[in-house]
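Worksheet: one structure, shown below.
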Amino acid sequence: MQEQSATMPAAGSAPGVYAPGQLGELTQIVDFDLVDAVLEETGAREKRVRLLPARVMVYFVLALALFEHCSYRAVWDKLTAHLPVAVIARPAVSSLSRARRRRCTDP
């Protein structure tokens, strides 16, 4: 497996605030390309650009499973702890819930 920098996106992955390595350890374990392939195969990729992209919500749902006794807000804070505060949105819990529901129920 090719070694990648935690802050530089690999070819084919998302640059910017949600680049590989920016969402914590999960991005080191579950590759962005794998998440993208699953979203594509299941038809769950978003149809428009959103503040909470489908890929990010997959990692959020995985983090919810890991931190099952934490609130949505606490899990989001853990997931985005190393992102620059000025760059990252702090979505309302209802927004996280709706985004999660979209990923889990879209055809």
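Taken together, the values in this text are just the output of simple stated rules run on the coordinates, not laboratory data. All values derive from a computational prediction rather than experimental measurement. No Cβ is skipped: glycine too gets one built from the backbone with ideal geometry, and neighbour counts run over all protein chains shown.
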Discussion item. Below 14 angstrom from the Cβ of R73, what's the summed charge of the other residues (Lys, Arg +1; Asp, Glu -1)?
Written reply: +2
Worksheet item: How large is ³J(HN,Hα) for each residue in segment 88-101, as worked out from phi by the Karplus curve 6.51 cos²θ - 1.76 cosθ + 1.60 (θ = phi - 60°), to whole Hz, x for Gly and Pro?
Response: 8, 7, 10, x, 5, 4, 5, 5, 5, 5, 5, 5, 4, 4
Item to complete: Using θ = phi - 60° and the Karplus relation 6.51 cos²θ - 1.76 cosθ + 1.60, list the HN-Hα couplings for segment 57-73 in order, rounded to whole Hz, with x at every Gly or Pro.
Response: 5, 4, 5, 5, 5, 4, 5, 4, 5, 6, 10, 4, 9, 9, 6, 4, 4
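Which shape class applies to segment 16-105: rounded if a/c is under 1.5, otherwise prolate when a/b exceeds b/c and oblate if not, where a ≥ b ≥ c are the square roots of the Cα gyration tensor eigenvalues?
Working: a/c = 1.32, a/b = 1.20, b/c = 1.10.
Here segment 16-105 falls in the rounded category.
What is the extension gain from D31 to K47, computed as 0.36 nm multiplied by their sequence separation minus the C-alpha to C-alpha distance, in nm to one decimal?
Details: separation 16, 0.36 × 16 = 5.76 nm, distance 2.17 nm.
Contour length minus the Cα-Cα distance gives 3.6 nm.
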Worksheet item: Points 7 angstrom from Cα along the Cβ direction at E40 and A89: gap in nanometres?
Response: 2.5 nm
Discussion item. Could you check the spin-label model distance between V61 and R102? Points 7 Å from the Cα along Cα→Cβ, value in nm.
Written reply: 1.3 nm
